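Have a look at the structure below, then the notes.
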Amino acid sequence: MSLSQPIYILDTNILVRLAKTNDPLHAAAQSAVENLAASGAFLHTVPQAFFEFWTVATRPIPNGGLGFTPAETKAAVDYFVLEFTPFADDPALLTYWRQLVARYGVSGKAAHDARFIAAMQALGLTHLLTFNDSDFVRYAAEGVTIVHPANVPANGEV
């Protein structure tokens with residue numbers, strides 16, 4: 001594997017948009033993933049994305065979910081595991097996460113985002129593809145490059 005091309009970690013919202021084909025952001029997610037892959041970038045994710053995806057996918061549509069059955073969700077997760085091989089959680093994840101939530105005064109649901117960044121730090125990864133770039137802006141000083149799908153050009157070079 002050539003390390004000249006970055007490894008992109010896909011945020012949960014990318015997986016959700018890829019699975020929800022009628023979502024207005026589906027095409028943007030699909031295009032960003034295809035363009036990055038065509039450029040030679042490596043596309044992966046972390047276990048956190050699958051935990052969060054399951055929660056959103058099995059939540060009823062009126063409650064902001066996809067309304068998938070557990071069987072449909074399992075099929076989607078199985079597909080994503082093959083397409084975007086997850087990195088295993090590193091034992092240092094908890095240490096990094098504790099440092100981040102304390103350093104940035106993280107509270108509530110934002111602790112999930114801090115876990116994504118901590119997983120990336122523990123693995124030495126620097127690129128995150130997400131629609132929620134504003135949720136991660138606080139971590140810019142951590143050396144993480146946050147990329148919104150709209151900012152992935154056709155040649156995939158970000």
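Condition check ((1) assigned to a loop (DSSP other than H, G, I, E, B); (2) small (Gly, Ala, Ser); (3) touching a strand residue (DSSP E or B) at 6+ places or on another chain (Cβ under 6 Å)) across all residues:
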residue: Gln5; (1), (2), (3): yes, no, no
residue: Ala29; (1), (2), (3): no, yes, no
residue: Phe51; (1), (2), (3): no, no, no
residue: Gly67; (1), (2), (3): yes, yes, no
Note to self: Looking at region 74-99 only, could you name the residues that are part of a loop (DSSP other than H, G, I, E, B) and hydroxyl-bearing (Ser, Thr, Tyr)?
What the structure shows: Thr85
Next item on the list: Test Asp78 against the stated conditions and say whether it is surrounded by fewer than 14 Cβ atoms within 10 Å (Cβ to Cβ) and among the acidic types (Asp, Glu).
Entry: yes
Next item on the list: Working only within region 17-48, note down all residues that are touching a Leu at 6+ places or on another chain (Cβ under 7 Å) and buried (at least 21 other Cβ atoms within 10 Å of the Cβ).
Entry: Arg17, Ala19, Ala29, Ala32, Val33, Leu36, Thr45
Note to self: Which numbered condition in (1) within 17 Å of the chain's Cα centre (by Cα); (2) touching a residue at least 24 places away in the same chain (Cβ under 8 Å) is the only one that Trp54 fails?
What the structure shows: (2)
Check: So, of the residues in region 127-154 that are touching a residue at least 40 places away in the same chain (Cβ under 8 Å) and in a loop (DSSP other than H, G, I, E, B), which turns out to be nearest to Gly105 (Cα to Cα)?
Finding: Asn132
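Taken together, the values in this text are just the output of simple stated rules run on the coordinates, not laboratory data. Note that the coordinates shown come from a computational prediction; the quantities given were computed from them, not determined experimentally. So basically every Cβ, Gly included, is an ideal-geometry build from the backbone, and we count neighbours across all protein chains shown.
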